[in-house]
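Worksheet for the structure shown next.
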Amino acid sequence: MIKTYDVVIIGAGGAGLRAAVEIPKEYSCAVISKVYPPRSHTGTAQGGVCAALSNMEEDSWENHAFDTVKGSDYLGDQDSIEVMCKDAIRAIIELEHMGMPFSRNENGQIAQRFFGGHTKPADKNDPFGKRVPVKRSCYSADRTGHVMLQTLFENSIKNQVTFYSEFFVTELLMENGVCKGVVAFDIANSEVHIFQAKAVMFATGGYGRVFRITSNAHVGTGDGMALVYNAGLPLEDMEFFQFHPTGLWKLGILVSEAARGEGGILKNKDGERFMSRYAPSVMDLAPRDMVSRAIISEIREGRGIRGSDGTDYVLLDLTHLGKEVIDDKLPEITGFARTYLGVEPTTEPIPIQPTAHYAMGGIPTNVNCEVLMNEKGDIVKGLYAAGECACVSVHGANRLGTNSLLDLVVFGRRGGKAISDYLKNASFTEVRNDADERTKEIIAGLLNSNGTEKAVNIRTELQNTMMEDCGVFRTEEGLKKMILKLEELKERYRNISIQDKSKVFNTELVEAIELDNLLKNAEATVYGAYNRTESRGAHTREDFPKRNDQEWMKHTFAFEKKGSAPEIKYKPVVVTRYQPMERKY
Ligand SMILES: Cc1cc2nc3c(=O)[nH]c(=O)nc-3n(C[C@H](O)[C@H](O)[C@H](O)COP(=O)(O)OP(=O)(O)OC[C@H]3O[C@@H](n4cnc5c(N)ncnc54)[C@H](O)[C@@H]3O)c2cc1C
């Protein structure tokens, strides 16, 4: 069955919905989501969304841009970063006008709080001298993503968008550099549909589920990235995967950086505030890559706390903040500590460990969200990407907290605008009636297979080994091991079968297809990490501990080569006004 829309957006998180709100009503617009829209991962975002509003203290978009460049360890493209930080102020006020209920300061303005890596010069006349933390992150208690997603969902309904909820996209249709649509199946009955479109946007989120300990929802399997990679297009900078320092111990559920923004302190087994050793000026408010490395170093050097199951953690202490601040500003995350670990955060510190959190890499785009087909910057006509699945690149080698929700609304809108412009002159290209053949074969293959492998076993091994060999610290030896493991797992995947043979809400079928996508994302991640012989941002090679600007101020572009290692090419970083400096906090 062919369904026809001017534009099809895949993903109903913040990026997809912000784009949908921008499409004029005269064009038909469908949003496809594998979960019911408000269950998208954006709804779990806790801490905030940043902009230099200067509501609490003086700030500027230039301060924000410098912090983002420095936080990215100079891998972020500075032209895109300038676009994002400049537009941030307008974007937040726009959200307020759409009805997003922000927390307020004493003057009734949008309240702002501290977040890691957001700073301003201690002396205005010395912009590149000593810097101090600045309150830049706007929030709604610790439910910022939840209220943002609800607001955008309501506004998309108002904009008469058609939703296909619980539809799973399996394929991108593209020919001669022109996008034609996608193929998806309805999870309710496994029926396959072709969506023909003049323009397609991927807003499919991240792939944290490739790691064992992750803050990401179960849906975070990076399907969009894998589909694009599978269609012969590159993935950019996949080796840069952010570990958030404070996941609940053993579970990985996120304790937002807002907890440290409000004054929370990290402590080791001796009760020592260890961040003073690693980032003496901003301490617990250092960027995430640094704090995650610091925590693992403490544990490796024997200053962690050994849990009953033999794994180690450190402590996040909020007890000095008082019950009122905790209940008012951090109600949800402290609730998680009570529910899942049985810890009372008003009187006891919370056991935490780093958790796989955010993909800096993804589908390469330009600042108008047009997808690049190569490292030279040529675009695929009619294909767009925004949000966590995309790589503009504003986050470079390490994202600053609260810059992702900002990325969604700034680039979601820009993508929506670029699509609206494109639609003025675009026409439909022919789609064959049997364009859904491959998806039908995949589904039938899985339902009818007598293979001896189970998806759950392959997934667990993938997640465990990625955590060990491609996590916070990496070495050539570990990455070589990981490459061999991936070869083995891909081979075993060909022999999987599923027990549930039904076509109705077959979640085992969905998970099996998601696993294939996880394996593809892991491949691009691992090879990128293996090739990059330096340490930058979230990518730490113990055998190459220094950043090497001479050779590595460039973005990785990985192209799938079926049956062999991906082909890796590089694209230079865009530098406008900030020359690389040593990154100290
Ligand atoms: C726990 C947590 C807390 C966070 N807190 C913050 C914060 O405070 N501030 C901040 O800036 N950032 C935060 N982040 C990061 C930020 O929330 C995410 O990067 C961002 O929300 C991703 O939004 P998105 O629109 O790109 O995708 P998502 O919100 O992940 O949505 C992806 C969409 O794609 C759909 N989809 C995916 N695959 C398919 C498929 N095959 N077929 C059909 N549909 C598909 C899904 O159904 C979903 O609708 C947090 C992240 C986590 C995990």
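Please treat every number below as a calculation from the coordinates, not as lab data. Everything quoted here is computed from the prediction, not taken from an experiment. Heads up, the Cβs are rebuilt from the backbone with ideal geometry, glycines too, and the neighbour counts pull from every protein chain shown.
Could you sort the peptides 485-498, 548-561, 236-249, 30-43 by per-residue average Cβ neighbour count (10 Å cutoff), highest mean leading?
My ranking of the peptides, most packed first, is 236-249, 30-43, 548-561, 485-498.
Can you report the principal axis dimensions of segment 219-274 using only the alpha carbons, biggest first, rounded to whole angstrom?
52, 22, 21 Å, listed from the longest principal axis down.
Explain nothing, just the number: dipole magnitude of segment 113-254 about its Cα centre with +1 on each Lys and Arg Cβ and -1 on each Asp and Glu Cβ, in debye rounded to the nearest 20.
Dipole magnitude for segment 113-254 comes out near 920 debye.
For the pairs Lys3/Lys158; Lys440/Lys503; Lys485/Lys520; Lys158/Lys381, flag any whose C-alpha to C-alpha distance is greater than 24 Å.
With Cα atoms farther than 24 Å apart: Lys158/Lys381.
Write down Rg/Rh for segment 102-164, rounded to two decimals, with Rg from the C-alpha atoms and Rh from the Kirkwood relation over Cα pairs.
1.21
Per the Debye formula with a single identical scatterer at each Cα and no solvent contribution, what log10 I(q)/I(0) holds for segment 247-353 at q = 0.12, 0.16, 0.22, 0.24 Å⁻¹?
Here the Debye-derived log intensity ratios amount to -0.36, -0.66, -1.26, -1.47.
Write down the Å³ per residue value for the convex hull defined by the alpha carbon atoms of segment 437-545.
Spelled out: Cα convex hull of segment 437-545, divided by residues, is 105 Å³.
For segment 52-142, just the Cα set please: Rg and Dmax, both in angstrom.
Every Cα atom of segment 52-142 included, Rg and Dmax give 13.5, 39 Å.
For segment 170-226, what class follows from the C-alpha gyration tensor (a ≥ b ≥ c being the square roots of its eigenvalues): rounded when a/c is under 1.5, otherwise prolate if a/b is larger than b/c, else oblate?
Taking the square roots of the gyration eigenvalues as a ≥ b ≥ c, segment 170-226 is oblate.
Quick check: net charge around Val210, other residues with Cβ under 13 Å of its Cβ, Lys/Arg +1 and Asp/Glu -1?
Net charge in that neighbourhood comes out at -3.
Relative to the longest principal axis of the C-alpha atoms of the chain, give the angle of the C-alpha long axis of helix 507-531, reported between 0 and 90° and rounded to the nearest 10°.
With rounding to tens, the tilt is 60 degrees.
Output ³J(HN,Hα) for segment 295-310: one whole-Hz value per residue in order, computed from phi by the Karplus curve 6.51 cos²θ - 1.76 cosθ + 1.60 with θ = phi - 60°, and x for Gly and Pro.
Running phi through 6.51 cos²θ - 1.76 cosθ + 1.60 with θ = phi - 60° gives 4, 5, 5, 4, 5, 4, 8, x, 9, x, 10, 7, x, 4, 8, x Hz.
How far, in degrees from 0 to 90, does helix 403-423 lean away from the longest principal axis of the Cα atoms of the chain, to the nearest 10?
Result, in degrees: 30.
Any lysines with Cα under 27 Å of the Lys135 Cα? List them, leaving off those in the same chain fewer than 8 positions away.
Lys70, Lys86, Lys120, Lys124, Lys267, Lys323, Lys329, Lys584
Using the alpha-carbon centroid of each, what span in Å lies between segment 88-104 and segment 1-59?
Here the two parts' Cα centres lie 15 Å apart.
Taking Cα centroids, how far is segment 362-379 from segment 508-551 in Å?
Computed from Cα coordinates, the inter-centre distance equals 20 Å.
Note down the net charge around Gly537, summing +1 for each Lys or Arg and -1 for each Asp or Glu among other residues with Cβ under 11 Å from its Cβ.
+3
What percent do you get for the relative contact order of the chain when only Cα pairs under 8 Å and 6+ apart count?
21 percent
Out of Leu248, Leu318, Ala279, whose Cα points farthest toward the positive end of the dipole of segment 247-353 (charges: +1 Lys, Arg; -1 Asp, Glu; placed on Cβ)?
With unit charges placed on the Cβ atoms, the residue in question is Ala279.
Once each part is reduced to its C-alpha centroid, what is the distance from segment 171-192 to segment 69-87 in angstrom?
The distance from the Cα centre of segment 171-192 to that of segment 69-87 comes to 33 Å.
Output the relative contact order of segment 6-45, whole-number percent, from Cα pairs under 8 angstrom with separation of 6+ residues.
Rounded, it is 51 percent for segment 6-45.
With no solvent and one point on each alpha carbon, what is the Debye value of log10 I(q)/I(0) for the chain at q = 0.06, 0.09 Å⁻¹?
Result of the Debye calculation: -0.28, -0.64.
Would you calculate the separation in nanometres between label points at Arg277 and Asn457, each defined as 7 Å from the Cα along the Cα-to-beta-carbon direction?
Roughly 4.2 nm, to one decimal.
How far, in degrees from 0 to 90, does helix 455-469 lean away from the longest principal axis of the Cα atoms of the chain, to the nearest 10?
With rounding to tens, the tilt is 40 degrees.
Starting from the 7 Å offset along Cα-to-Cβ, what nm value, one decimal, do you get for the label separation of Arg438 and Thr347?
5.9 nm
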